[in-house]
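Working notes, beginning with the structure itself.
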């Protein structure tokens, strides 16, 4: 299998892991080195794996991204016990055609001026790698397995865990 096919399979696996999770914790690095996270809604994932988010270009996160492009996106679906951490690089996109294409009226709740807002911008995240965890059983079964691990003095096995390389 060639590199292109492996990359496409990796992107498809990542898409499957996050497609039902709308909100992620989007983490950036502040000027003093601290990591800052905030909830953000993923607008779209392109076939090449690129993730898109709306933002105000005057926000502090935009300043942080201009200084340090590396980001982390943490997705969690507690009901399915599915967790994904994506590392990538981000850039600000002000292309009005792309903004128009990705716009949805629901976004007016965060951007009241809608498409007329001159500060409306996108964050484009190119994922480099991802790590995921999935529980392999129901919550009741997980609780029983935790109890067994405690009684036997062994480490609890959490289910499926893996890495996805997207470079």
Counted residues, segment 1-30 - those being closer than 30 Å to residue 66 by Cβ and out of contact with any helix residue (DSSP H, G or I) (no Cβ under 7 Å at 6 or more places or on another chain)
15
Checked pairs for segment 30-42, first on the phi < 0 side of the Ramachandran plot, second in a loop (DSSP other than H, G, I, E, B), C-beta under 7 Å and 6 or more apart or across chains, list as 36/30; 41/22; 42/22
Return the total of residues in segment 79-101 being buried (at least 16 other Cβ atoms within 10 Å of the Cβ) and either in a helix (DSSP H, G or I) or free of Cβ contacts under 8 Å to residues at least 12 places away in the same chain (or both).
1
Scanning for something surrounded by fewer than 17 Cβ atoms within 10 Å (Cβ to Cβ) and part of a helix (DSSP H, G or I), does segment 51-63 turn up at least one residue?
yes
Here is a check on your reading of the model: is residue 73 surrounded by 17 or more Cβ atoms within 10 Å (Cβ to Cβ), at negative phi, part of a helix (DSSP H, G or I) and out of contact with any helix residue (DSSP H, G or I) (no Cβ under 7 Å at 6 or more places or on another chain)?
no
Is it the case that residue 120 is touching a strand residue (DSSP E or B) at 6+ places or on another chain (Cβ under 9 Å), surrounded by 19 or more Cβ atoms within 10 Å (Cβ to Cβ), modelled with pLDDT of 95 or more and over 29 Å from residue 164 (Cα atoms)?
yes
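The values are calculated or read from the model by the stated rules, or taken from the named source; none is laboratory data. The structure displayed is predicted, hence computed values, not measured ones. Here Cβ is always computed from backbone atoms with ideal geometry, including for glycine, and neighbour counts include all displayed protein chains.
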